[in-house]
């Protein structure tokens, strides 16, 4: 069974959805973890697969949870302007994961742009043109990305990530595997700071990060192969 805990002790695995406001605020927590010397690898997980391709109206955001998120976003310096609609995020997640696997240097900027597109600018990240525009801005090979989205291989990468997530007890976003422990949901900054204080500080290591990405990609392929045997290729259903 694919197990992230064996991949790299200084690697944190984080599952996110680009339309999850808790994941948006969690970018602040990820900055803390990265400064603590961890290698952070971010993986897609579609939190709301029930949203249709055309998206849905979001409705009012007046609950205590929304007020909390607004305060946390402001404290983290993350602009938050609730969008009127929620898009289906699967293609955006597939694009981001394809970039992580094939254009790693562009991934941080591309992911940040998609988060901002949804939560700060109210644009539709389910729109192919929006994805292509932001990919081009980060120097991504847009033609190769669009081909992967069209032929389903990029979408299959999301499926791989979700199967690996569920094997580690992840059923929603945000979620992290930190030092072998599953951390689910947006936790206060103090909890992450305490986690960092409990281990010796190490500087991020580029070679270690590259090795972690390589090991992860192998684990993702293994997770899908174990879930869908090669003898039954029709069992794989890519959600579009």
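Data table
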quantity: Boolean, residue 4 is at pLDDT below 90, within 14 Å of residue 187 (Cα to Cα) and either out of contact with any helix residue (DSSP H, G or I) (no Cβ under 6 Å at 6 or more places or on another chain) or surrounded by fewer than 21 Cβ atoms within 10 Å (Cβ to Cβ) (or both); calculated: no
quantity: Residues of region 19-63 classified as part of a loop (DSSP other than H, G, I, E, B), in contact (Cβ under 8 Å) with a residue 40 or more places away in the chain and in contact with a strand residue (DSSP E or B) (Cβ under 8 Å, 6 or more places away or on another chain), total; calculated: 5
quantity: Whichever residue in region 147-189 is in a helix (DSSP H, G or I) and over 15 Å from the mean Cα position of the chain (by Cα) and, among such residues, is farthest from residue 88 (Cα to Cα); calculated: 189
quantity: Failed item in (1) modelled with pLDDT of 90 or more; (2) over 10 Å from the mean Cα position of the chain (by Cα), with residue 13 passing the rest; calculated: (2)
quantity: Residue within region 96-116 that is part of a helix (DSSP H, G or I) and in contact with a strand residue (DSSP E or B) (Cβ under 6 Å, 6 or more places away or on another chain) present; calculated: yes
quantity: Number of the condition not met by residue 77 [criteria: (1) modelled with pLDDT under 95; (2) farther than 22 Å from residue 135 by Cβ]; calculated: (1)
quantity: Filtered residue count, region 104-115, keeping only those that are crowded, with 16+ Cβ neighbours inside 10 Å and more than 13 Å from residue 137 (Cα to Cα); calculated: 1
quantity: Some residue of region 156-173 being more than 15 Å from residue 15 (Cα to Cα) and either modelled with pLDDT under 95 or surrounded by fewer than 23 Cβ atoms within 10 Å (Cβ to Cβ) (or both); calculated: yes
quantity: Criterion (surrounded by fewer than 18 Cβ atoms within 10 Å (Cβ to Cβ) and at pLDDT 95 or above) met by exactly one of 180, 152; calculated: 152
quantity: Members of region 30-64 found to be closer than 18 Å to residue 114 by Cα and under 14 Å from the mean Cα position of the chain (by Cα), listed by number; calculated: 30, 41, 42, 43, 44, 45, 46, 47, 48
quantity: Qualifying residue in region 133-146 (condition: at pLDDT 95 or above, outside any helix (DSSP H, G or I) and surrounded by fewer than 17 Cβ atoms within 10 Å (Cβ to Cβ)); calculated: yes
quantity: Count of residues meeting criterion [in a loop (DSSP other than H, G, I, E, B) and under 14 Å from the mean Cα position of the chain (by Cα)] in region 67-95; calculated: 1
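The values are calculated or read from the model by the stated rules, or taken from the named source; none is laboratory data. Everything numeric in this text was worked out from a predicted model, so none of it was measured. Please note: Cβ atoms are built from the backbone with ideal geometry, for glycine as well, and neighbour counts cover all protein chains shown.
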